[in-house]
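The values are calculated or read from the model by the stated rules, or taken from the named source; none is laboratory data. All of these numbers come straight from a predicted model, not from anything done at the bench. We place every Cβ from the backbone using ideal geometry, glycine too, and count neighbours over all the protein chains shown. Protein only, heavy atoms only, side chains kept; ligands, DNA and RNA dropped before computing areas. Shrake-Rupley method; radii C 1.70, N 1.55, O 1.52, S 1.80 Å.
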Amino acid sequence: MTSRHPSSLPADPAQLPALRDGYRQDKADLLAMLQVPSASARGIRSLLRRLSALADGMLCRLWTRAQLPAGWALVAVGGYGRAQLFPHSDVDVLLLLPDGTAAAEDAARTPIEAFIGSCWDAGLEIGSSVRTVDECLSESAADVTVQTALLEARLLCGSAALFEEFRQRYDAQMDPRAFLVAKTLEMRQRHTKYEDTPYALEPNCKESPGGLRDLQIILWAARAAGLGRSWRELAAGGLATPFEVRQIERNEALLFLIRARLHLLAGRREDRLVFDLQTAVAEGFGYRSTAPDGKRLAMRASETLMRRYYWAAKAVSQLSQILLLGIEERLNPSTHELRPINPRFFEKAGLIEVASDDLYEKQPHAILETFLLYENTMGLKDLSARTLRALYNARAVMDGRFRRDPFNRALFMHIMREPRGITHAMRLMNQTSVLGRYLWPFRRIVGQMQHDLFHVYTVDQHILMVLRNMRRFFMAEHAHEYPFCSQLAAGWDKPWILYIAALFHDIGKGRGGDHSQIGAQEARRFSRQHGIAREDAQLIEFLVAEHLSMSQVAQKQDLSDPAVIAAFAQRVGNERYLTALYLLTVADIRGTSPKVWNAWKGKLLEDLYRATLRVLGGRAPDAAAEIEARKREALILLALSALPHEAHKKLWETLDVSYFMRHEAPDIAWHTRHLSRHVGSTQAIVRARLSLAGEGLEVLVYAPDRADLFARICGYFDHAGFSILDARVHTARNGHALDTFQVVTASQPGAYRELIHMVENDLQRAIEDQGALPEPTRRRVSRRVKSFPIAPRVTLRPDEKAQRWLISISASDRAGLLYMVARVLSRHCLNVQLAKVSTLGERVEDTFLVQGPELQSNAQQIRIETELLEALADQ
């Protein structure tokens, strides 16, 4: 193609249409290269640079025509600044003026407006800003988005001296650590917006997890830190290996090509792989739909494309995590103590660190051991960059021999049977490609789409979502979401059976035939290979084969017909099978889409469960047996304390399932004895007793709930010299908070009995105080924390119903920390409904379930996370 440079085109203002037509023709000639299937991902980089160069020439021609002052400069910023101009992306430019220039005055405004107008007249869709150097720096300091755009500033024409002044002052102002924190928080919010998965059925190839933005963040952070401006420079500096760079460049090019073709097909800026465009994009790659051949289902061209996209996005997610952790370690040279876990692994600031880079090649058993340690070692939260890299490079080790190894099979079953951490372990195994390489049938459904709009996730992500839902039935802090399921789960003896059933229920999809029966066959084979007892194996196989039946009966058949109920009862056979199938069905429906589950479907399933249970001769419990046992024991204790008959009812009617799951019978009796006469009281009730754990006090608070209540309680303990070991925060149905705290003090460790009266009176006054919250007490940080600081971490995520949010924090422990966190929550009017406080040596791991209007704004969410990080880092 012969392209005419804009400088050869007419300069007369009357001939701007000819200039525009020439630019559009040159651009169309370039874009024609995208319309042939032979267009390669390898050539897309050159195309983006040529589109940028075309815009460069046009802008410089127009700048010269405008006769702007010689001391000004025209600067490309953002994606255009890095010479990656997509077909319908904005051409973002900065008109850089010397300090002291008043852009609003006529002398400056008139030529600026004329230049910007000529850009539009010439066919350039520009996004423009006009700033002095000082204004660039102040805007950059106030807004990380502006700071990021300016990071990639590129001089087009005008004053090189002015641009160099800007560049030097901008670089001097850059704080790479703060920049990395800000971009990481921004990335988390973006990932939350896209439900933390690259596997959405209509992903955004730029913004979704595993998209181009994740790769851009790596280069932004590296450039800000002076670690490199390109992938090759990162490899030369030891931040990435040559193999990793090849993988990144290959997958980045694919994402470039997909995005460019999306723009071309939509005729506008469109970064989403929406259903309407997927087939056309796929055909642009030369993919064609295939007919069924008797063994496999028909494969759409779009499914082939999307599977390729998902594998690329998964690789980007893995590699971006490795490189971002590496940049973080470069910016914050590790002073963390390496704590040996065993000869193969260390614990490093809550991360699992391999003892050697070639551990997995030399000892393949250590691969699965990594995830077992992740589950059963308290305080481990993730894998280090070194471990992630070692796993990425050990994929070839996980072959058929690896899968058949009896020791590996025993390790995998150990992982499934662990009482905690199963959801995160399975997700991490999938993210690192270990799950699909060990469980070969699972690999076949990784990245497999489901074109029914019933599922909003790929098959592998749906399976892991169902596993997560099942696990949550067994967790007290999630009992408020689906109380009946939590009640049934409380009486279930082998959760791992349900986890395996969840893992296999859709594993047969995409092979043709009935996926339930195919999955049942795979489950049977898995049970035989892994030595599962016959009785348990039969239940797993039944659940996989029948996982759709309960939903179908409940939603499609007449539940008032005794014959329907009798037939279903005969199908399930007994109460144990019925309960397991009910739990799997609810978890499955909830895992298809946030919009699919509703109260009516829940009622139909529960009605079917109860009706079938009656036919089977069992009974439908109103609460789990464990909860009922706790209530009976509490009533016995209350009778011994001479509490009037049925005096407990008024209080208990305000308490839900999660309260009884989180408190033992002696606690329930103690609360009831002191609160039964004060239900709904407008005054705060505070009671304290010697802790049943042996040391310290247990303090009960009952008061009308308000946003600053939790902070006031924490503030009192902080100023009184108490350390909070545990906090159980509960909001009753009548709007009252019922909170209990385990506290200790170093000042009077042997005088707790004498402190009871003081705590009851002083804490009540502190709660009823309507003044401003007191400032935190400043105390010295321990030498150990100073020597081995832990980088604070904060995550903010919505719960299942998107009505409440879970805040998780991790930081070095110190006096008053919980109060500083509570002050931030109070400042943003966040109501704490549940709190789990855990201290692991010198590290705290706290979780809060909160609710508040400010959480509806992404900007506010980032602000809250930022303020929490500042509070946690404030030494």
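Sorting E165, E870 by accessible area puts them as E870, E165; the probe is 1.4 Å, largest comes first, and only protein heavy atoms count. By the Cβ-Cβ criterion of under 4.7 Å, the unpaired cysteines of the chain are C119, C136, C205, C485, C714, C829. Phi angles across the stretch 217-222 convert, under the Karplus curve 6.51 cos²θ - 1.76 cosθ + 1.60 with θ = phi - 60°, into 3J(HN,Hα) values of 4, 4, 5, 4, 5, 5 Hz, Gly and Pro given as x.
For the peptides 55-66, 376-387, the ranking by mean Cβ contacts within 10 Å, running from highest to lowest, is 55-66, 376-387. Taken over the C-alpha atoms, the chain has Rg and Dmax values of 31.0, 101 angstrom.
In this structure, Q168 and E113 have a Cβ-Cβ separation that, at R0 = 22 Å, corresponds to a calculated FRET efficiency of about 0.15. Entry note: the stretch 495-540 has Rg to Rh equal to 0.97, where both radii use alpha-carbon atoms and Rh is the Kirkwood radius.
Backbone phi angles across the stretch 228-240, fed through the Karplus curve with coefficients 6.51, -1.76 and 1.60 (θ = phi - 60°), yield HN-Hα couplings of x, 10, 8, 4, 5, 5, 5, 5, 4, x, x, 7, 9 Hz in residue order; Gly and Pro are listed as x. Radius of gyration over Kirkwood radius for the stretch 41-167, both on Cα atoms: the Rg/Rh ratio is 0.96. Relative contact order, whole percent, for the chain stands at 7, derived from Cα pairs under 8 Å and 6 or more residues apart. Note on W120: accessible area approximately 130 square angstrom, rounded to 10, probe 1.4 Å, nucleic acids and ligands left out. For A567 and Q529, what does the FRET efficiency come to when R0 = 45 Å and r is the distance between their Cβ atoms, rounded to the nearest 0.05? It comes to 0.85. Relative to the longest principal axis of the Cα atoms of the chain, the long axis of helix 709-719 makes an angle of roughly 80 degrees. Accessible surface area normalised per residue over the chain is 42 Å², counting heavy atoms of protein chains with a 1.4 Å rolling probe. Short-range pairs are left out: with C-alpha atoms under 8 Å and at least six residues apart, the relative contact order of the stretch 404-492 is 16 percent. Seen from all directions on average, the stretch 357-493 presents a Cα convex hull projection of 9.8 nm².
For the chain, the longest principal axis of the C-alpha atoms and the axis of helix 16-31 are separated by about 60°. Between the residues G238, L264, N251, the greatest Cα displacement towards the positive end of the dipole of the stretch 221-266, with unit charges on the Cβ of Lys, Arg, Asp and Glu, is found for L264. Heavy-atom accessible area with a 1.4 Å probe sorts L411, L338, largest first, into L338, L411. Against the chain, whose longest principal axis is taken from its Cα atoms, helix 858-873 shows a tilt of about 70°. Sorting the segments 809-816, 23-30, 529-536 by their residues' average number of neighbouring beta-carbon atoms within 10 angstrom, most packed first, yields 809-816, 23-30, 529-536. Amide H to amide H distances under 5 Å link R420 with no residue, where only residues 5 or more positions off or on other chains count and H is placed in the peptide plane.
A full extension of the chain between I341 and R632 corresponds to an added length of 100.4 nm, given 0.36 nm per residue minus the alpha carbon distance. Peptides 198-210, 268-280 ranked from most to least packed, by the mean per-residue count of other Cβ atoms within 10 Å: 198-210, 268-280.
Remark on A240: its backbone amide H falls under 5 Å from those of A235, a criterion applied only to residues 5 or more positions apart or on other chains, H modelled at 1.01 Å from N.
The gain in end-to-end length when the W120 to D357 segment is fully stretched comes to 79.8 nm, 0.36 nm per residue minus the alpha carbon separation.
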